[in-house]
């Protein structure tokens, strides 16, 4: 069953990259607008990216059930 989750993991990796890119866009927009604090959206996007990365790690773990 090795590789059973490869497709899902690949899609999650793409989603994590999209979330990171969007967070960077939010930061740039805030800086361009003269903001002094992190935008709320950026924080939420970063938390979502970390959750997706955690899911990627869980799917990469070997299957202990036999």
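For this structure, a couple of remarks:
- Just checking the listed ones, 21, 32, 41: in the Gaussian network model of the chain with Cα springs under 10 Å, the one fluctuating most is 32.
- 59, 19 arranged by Cβ crowding within 10 Å, fewest neighbours leading: 59, 19
- Binning the alpha carbon pair distances of the chain at 5 angstrom intervals from zero yields the distribution 3, 18, 22, 16, 13, 10, 8, 5, 3, 2, 1, 0, expressed in whole percent.
- Rounded to the nearest 10 degrees, the inclination of helix 6-32 to the longest alpha-carbon principal axis of the chain is 10 degrees.
- Likely footprinting exposure, 8, 56, fewest C-beta neighbours within 10 Å first: 8, 56
- Here r is the Cβ-Cβ distance between residue 61 and residue 20 and R0 is 25 Å; the resulting FRET efficiency, rounded to 0.05, is 0.65.
- Projecting label points 7 angstrom from Cα along Cα→Cβ for residue 50 and residue 8 puts them 2.3 nm apart.
- Among 51, 20, 33, residue whose mean-square fluctuation peaks in a GNM of the chain (springs only between Cα atoms under 10 Å): 33
- Tilt relative to the chain, helix 40-60 - C-alpha long axis, 0 to 90 degrees, to 10: 10 degrees
Rule-based calculations on the coordinates, nothing more; no lab input. Just so it is clear, the structure is predicted and the values come from calculations on it, not from any experiment. Because the Cβ atoms are built from the backbone with ideal geometry, glycine has one as well, and the counts that use them run over all protein chains shown.
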